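What follows is a set of notes on a single structure, which appears directly below.
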Amino acid sequence: MELYFFYMFAGGMILTSLLMITRANVIHAALLLVLTFFFLAGVFVLAGAEFLAAVQILLYAGGIMVLYLFSIMLMNVEVAVRMRQWHRQGAVVLVAAVLLGLEIWAVLGDVEFAKPKQWEWSLGATPGNVEALGAVLYTKFLFPFEVASILLLAAMIGAIVLAKRRIER
Amino acid sequence: MDMALEIAVAAIKIFIVVNVVQLVVAYTIYVERKVIAHAQMRLGPMRVGWHGLLQPIADGLKLFLKEDIIPDKSDRIVFVLAPVMVLVPALVVYAVLPFSATFYITQINIGLFFILAISSLGVFGIVMAGWASNSKYSLLGALRSAAQMLSYEIFLGFSVIGPLMLAGSMNLQEIVHAQSDVWFVFYQPIAFIVFFIAAMAETNRAPFDLPEAETELVAGFHTEYSGMKFAFFFLAEYANMFVVSTVGIVLFFGGWDGPDFIPLPGFVWYVLKLSVFMFVFIWLRATLPRYRYDQLMRVGWKFMFPLVMINIFLTGFLKYLFL
Amino acid sequence: MVGVANVSRIEQQSTVHGTEELVINMGPQHPSTHGVLRVILKLDGETVNDLDCDIGYLHRGTEKIGENITYTMFIPYTDRLDYIAAPSNNLAWVTAVEKFFDWEIPMRAQYIRSMVGELSRIASHLLWLATHALDIGAMTVFLWCFREREMVLDLFETAFGGRLTVNAFRLGGLHEDVPDKFLQLTQEFADLFPSRIDDYETLLTNNRIWLQRTRDVGIISAEDAMDLGLTGPIIRGSGVRWDLRRAKPYAAYPYLDFVVPVGENGDIYDRYLVRIEELRQSTRIIQQCLEQLPGGPVTCKTPRTIKPPEGEIYHSIENPKGEFGFYIVSDGTTTPYRVRIRPPSFINLGGLKKLCVGQLVADVVAIIGSIDIVLGECDR
Amino acid sequence: MSDEAVENSEQTDGAPESEESAEEVKTPPGEDLKEVVESAFPGAVLEQSAYQDDEDEATFVVGFDAIVAVATHLRDHGDSHFELLTDLTATHYPEAENPFEVLYHLYSIEHNRRLRLKVRIKDGQSMPTVSGIWSSADWMEREVYDLFGIEFEDHPDLRRILLPDNWGSHPMRKDYPLEGRGERIYTKPTRKEIGD
């Protein structure tokens, strides 16, 4: 049963992301990306990471993608559709893809896919994995967590400064 | 076999809830029309049935039979999908709402978070509708709506953290149990105010009904919709009202739990509290004018956001001190 | 609206930098253009950069009609100009034509004219308040105002038989005396109405949202208002204490005591306060008219055919919307040689551009509401 | 609204003042205004009249080349100060030598008095615009152009206002037929004309 769902989600993800990059209409592409996020959230649920799934939908699908759509909608999509869609850089892409494939193989090559790696905390023992996630975030990964938040803060301030200068001009 | 039985029970529950919700939504519209009518010194629907009681059914029939118009220059697929994308998240959320101690479709540990996540998807339908209609009024309505719902989702999300910290769980049933002594509204008045305002904005209700401000944008994002597609938007708005009301009741007013000295079943308590919430929604619509877009944003970011942040820190601090 | 304005500054195409103006066509079928007004808005985000009014959808050539029918026959046509306040238009026309002659209009007729004129002002201001509030989203005020407007229309029906286009007055006075029931009902209405004004004010005057929507929006200074020729409550809202009922009194206004309210800032809120106060003052005038109403005839002796001597006159009265006047050229025959209607809505609408540029789309709706136009009179 | 509004409820007693003063002084109406104009532009007032010597109906006929200067002077001079252009219209007298009369109704809020300026022009002759003096003239001149066909030079935006842009004639002229198709030629607008 679980496996069946996994293939459904994974297949859906691959299909929608392929469709996404081949659409000329940016809005369609963005909506397909939302679908991809959905399937990804499904995979998270299967992995027992309900909280992460919810975050995936809330932040990526419900938040960031809406902002994307927001700015895309202000563009003249009809003009964009008629514009050139391919960059004619196939050779570069091919090289990059091969390199990426090698890298993935090098890192994950020895992981046995059939048997998912056991997590350090046990699922179902806690009333939810929120506590577990929080505990890990604030103990083991405290430093990266803080670095990330400072990075976001800097980005936010930068965006405000840029936008403000635009208004004044 | 067990699994099949489970699925069957779940399906029956879903069937009941969804259908009851649709019916109740239809009658909420009737109640709203009646309440507003009486606030405005008129009678409201009176013709269909006794005091217009069959009016919602007549309206539904009318909407079913209406010609379905798809504008020529619209993006057909997105245009058709948009109303579905609005209504489905609104109904999916019902899966985790606790209607009483025993009646609910399912319980999940991240219930509250699930509600927030799924209901945040409703904005997609609106944005899609506005864009696919290929009309400037619709587009402006959709843009307003996207910005408004995104911003107020943040305040909504932050305002529930206060009660969450007190309950120590995101499971809605457990939050209800945590309030068996004192309702959280007494501990968390600031959070409740912010929650209520944000909820009104999230459901596009007056005085935050800018996305569909009929006097400026004709009807906002659903200007071009007619027939059953229009009805979907309408149903979704009221279904969302139920959701936010229920969440408000669960988080701040003890859910289906009532005072012990009045022996009423949990479901009755729930319905009573829900009615009060819905009445306040309708009452405000009858009373208040509409905010302007930039004022709405200012209220949100300059007033509600600091307030809700202070509330979170205060709650954490006091909880650390006293509990 | 900072948000969209920012985002709209995103480059449209890779080659073209800068933003496109969004052109929005508001009307002629739009819920808040109050008739068949078409406004073409050029927007940057939600800020109005430029606008153009397209009017004339209701142009019926009333001035041309007036040149080809007799003076008496034109009275019903004036009803159709500002159809919200038809008796006021009748009053403007009959007082304008009477200026050609030295008739002694009986005092009873003058008082009834003033009274009905004020009733029509109440009807007009109520419709304005109703639609203006609805534009800003206050739905309940709309229906409350219509309740009282209905009472005023009932009064018209009692006195003249018509409700909207009443054809109330005749050259030289009234067609016939008003029934006693009209006076009695008017008294009841005048006693009741102030409390109803309080009701509207409860909902709006101190409402924070209402204040935010109307204060410091659509400001026009007294100098600009005069330059644009704005009249009526708009110019009074900018602080100019000028009312033709006081400046050039007609009918029974020389004998009536009332206040001309003025505003301070000339924003939408001040215009709102001015009109609300005018509602109260109108009620006061009606009370005084009922108290002082003399007996006697309601019409003076007029010739069988109205043939004014050759000459030209301009006469205007204070309509609910502003200065409503007639310029009449008589060539000594039974039909006027030239009839010019001085339309307050037309000229006030000319100020829309000045009021709106730099404001938000949502404000345009509020500003159109606060100008209070009637397209029937604007397009003639 | 200020409290002044309530205090300022003056009691009006009897008939308005202007009528009384008009009877006492036997000078023709508008004589003082004529002096104001003549002091700056001698001979600018070509004719002076008033219906039944009514002060409100004081009328000056002004030459068409003097109108802008006279109007500006009347608006700015302290003794006249006509801040308000109440009305701007025209009348058609087909038989007259100068068939078109363009009329300016001025009003001074400060002095509470009216003045009518008249300019007589030939058919096809264009008028100088006064929209630079009073912004309200903008739309009213457009209307006169629309209905009478009088063009205003230097007008910022001289288009038809009440009638469709491609209406073939000017209906307020006396020779415009009342019945039948007459000269009302309606050409189907091109897309360009609509502004599409």
Treating only Lys and Arg (+1) and Asp and Glu (-1) as charged, each at its beta carbon, one finds that the range B:71-322 has a dipole about its Cα centre, in Debye to the nearest 20, of 380 debye
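Kindly flag which residue pairs out of B:136/C:353; B:136/B:229; B:34/B:136; C:248/D:118; C:64/D:122; A:140/B:302 have an alpha-carbon separation exceeding 31 Å in this structure. Don't skip to the answer; put the middle values down first.
Details: B:136/C:353 21 Å; B:136/B:229 19 Å; B:34/B:136 33 Å; C:248/D:118 23 Å; C:64/D:122 21 Å; A:140/B:302 35 Å.
Where the Cα-Cα span goes over 31 Å, the pairs concerned are B:34/B:136; A:140/B:302.
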Rounded to the nearest 500, the 222 nm mean residue ellipticity computed for the protein assembly as shown from DSSP H runs (n ≥ 4, each -39500 (n - 2.57)) alone is -16500 deg cm²/dmol
Listed residues C:224, C:198, C:102; largest mean-square fluctuation, Gaussian network over chain C with Cα springs below 10 Å, found at C:102
If every Lys and Arg gets +1 and every Asp and Glu gets -1 at its Cβ, then about the Cα centre chain C yields a dipole, in debye to the nearest 20, of 700 debye
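Relative contact order of the range B:127-218, please, whole-number percent, based on alpha carbon pairs below 8 angstrom and at least 6 residues apart. Intermediate values should be presented prior to the final figure.
Working: 78 pairs, mean separation 30.8, N = 92.
Relative contact order for the range B:127-218 comes out at 34 percent.
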With Cα springs under 10 Å, the Gaussian network model of chain C assigns the largest mean-square fluctuation among C:279, C:203, C:256 to C:203
For the protein assembly as shown the translational diffusion coefficient, Stokes-Einstein from a Kirkwood Rh over Cα pairs at 20 °C and viscosity 1.002 mPa s, in µm²/s, is roughly 64 µm²/s
Which residues qualify? For residue D:113, with a placed amide H closer than 5 Å and at least 5 residues away or on another chain, they are D:108
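Could you work out the relative contact order of chain B? I mean the mean sequence separation of Cα pairs under 8 Å and 6+ apart, divided by the number of residues, in percent. Display every interim value, and only then the final one.
Numbers: 453 pairs, mean separation 73.5, N = 323.
It comes to 23 percent, rounded to a whole number.
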In debye to the nearest 20, the charge dipole size for the protein assembly as shown, taken about the Cα centre with +1 at each Lys and Arg Cβ and -1 at each Asp and Glu Cβ, equals 4000 debye
Highest mean packing first, using Cβ neighbours within 10 angstrom, the peptides D:71-84, B:139-152 sort as B:139-152, D:71-84
The range A:1-84, convex hull of Cα, quarter of hull surface, nm² -> 5.5 nm²
Among B:289, B:137, C:330, the residue whose Cα sits farthest towards the positive end of the charge dipole of the protein assembly as shown (+1 at Cβ of Lys and Arg, -1 at Cβ of Asp and Glu, taken about the Cα centre) is B:137
Along the range C:306-320, Karplus-curve 3J(HN,Hα) (6.51, -1.76, 1.60; θ = phi - 60°) to the nearest Hz, with x for Gly and Pro, reads 8, 10, x, x, 4, x, 9, 9, 10, 9, 9, 10, 8, 6, x
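From other protein chains only, count the Cβ atoms within 10 Å of every residue's Cβ in B:289-302, then give the mean. Walk me through the numbers on the way to the answer.
Details: counts 20, 9, 7, 15, 9, 10, 7, 1, 3, 2, 2, 0, 0, 0.
The per-residue average across the peptide is 6.
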Averaged over the residues of D:81-89, the number of partner chain Cβ atoms within 10 Å of each residue's own Cβ comes to 6
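Nearest 0.05, what FRET efficiency do residue B:174 and residue A:94 give at R0 = 60 Å with Cβ-Cβ as r? Mind dumping the intermediate values first?
Values: r = 54 Å, r/R0 = 0.90.
The formula returns an efficiency of 0.65 here.
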Ranked on Cβ counts within 10 Å of their own Cβ, fewest leading, C:154, B:181 go B:181, C:154
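Sorted by average packing, counted as other Cβ atoms within 10 angstrom per residue and highest first, what order do C:340-351, D:163-174 take? Could the numbers behind the result be given before it?
Details: C:340-351: 25.8, D:163-174: 16.5.
Output ranking for C:340-351, D:163-174: C:340-351, D:163-174.
With a 10 Å radius around each residue's Cβ, average the other Cβ atoms per peptide and rank D:107-120, C:57-70, highest first. Walk me through the numbers on the way to the answer.
Details: D:107-120: 21.0, C:57-70: 17.4.
In decreasing order of mean packing, D:107-120, C:57-70 become D:107-120, C:57-70.
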Mean-square fluctuation maximum in Gaussian network of chain C, Cα pairs under 10 Å, restricted to C:158, C:186, C:140, hits C:140
As straight-line cross-link partners of residue B:73, the qualifying aspartates and glutamates (C-alpha separation under 16 Å, not fewer than 8 residues apart within one chain) are A:78, B:224
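Find the relative contact order for chain C and round it to a whole percent, using C-alpha pairs within less than 8 Å whose residues are 6+ positions apart.
Values: 728 pairs, mean separation 95.5, N = 380.
Reported relative contact order: 25 percent.
Using the Kyte-Doolittle scale, which helices in chain B average at least 1.0 and also have C-alpha atoms spread 24 Å or more along the helix axis, with helices defined as whole DSSP H runs? Numbers along the way, then the final one.
On the way: long enough: B:2-39 (53 Å, 1.41); B:76-92 (25 Å, 2.45); B:136-159 (34 Å, 0.60); B:227-252 (38 Å, 1.55); B:266-287 (32 Å, 1.55); B:305-322 (25 Å, 1.67).
Span-like helices here: B:2-39, B:76-92, B:227-252, B:266-287, B:305-322.
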Counting only residues 5 or more apart in sequence or on a different chain, those whose built amide H sits under 5 Å from that of residue C:46 are C:5
The ³J(HN,Hα) series, computed from each phi in the range C:298-305 with the Karplus coefficients 6.51, -1.76 and 1.60 at θ = phi - 60°, rounded to the nearest Hz and given as x for glycine or proline, is 10, 9, 8, 6, 10, x, 5, 10
At the level of C-alpha centres, the distance separating the range D:74-115 and the range B:138-178, in angstrom, is 65 Å
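In peptide C:227-236, how many Cβ atoms from other protein chains are near each Cβ within 10 Å, on average? Show your work: numbers first, answer last.
Working: counts 9, 8, 14, 3, 4, 0, 0, 0, 2, 2.
So the per-residue partner count for this stretch is 4.
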Residue-ordered couplings for the range C:120-131, obtained by feeding phi - 60° into the Karplus form 6.51 cos²θ - 1.76 cosθ + 1.60 and rounding to whole Hz (Gly and Pro as x), are 5, 5, 4, 4, 5, 5, 5, 5, 4, 4, 4, 6
Using alpha carbon centers only, the range C:49-80 is separated from the range B:55-71 by a whole-angstrom value of 41 Å
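Taking R0 as 56 Å, what FRET efficiency do you get between residue B:68 and residue C:333 from their Cβ-Cβ distance, rounded to the nearest 0.05?
Values: r = 62 Å, r/R0 = 1.11.
With a Förster radius of 56 Å, E is 0.35.
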Between residue C:252 and residues 5 or more places away or on another chain, the pairs with built amide H atoms under 5 Å apart involve C:114
Taking Cα atoms only, helix C:268-292 is inclined relative to the longest principal axis of chain C by an angle, in degrees rounded to 10, of 10 degrees
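Rule-based calculations on the coordinates, nothing more; no lab input. Predicted model only: the values in this text are computed from it and were never measured. No Cβ is skipped: glycine too gets one built from the backbone with ideal geometry, and neighbour counts run over all protein chains shown.
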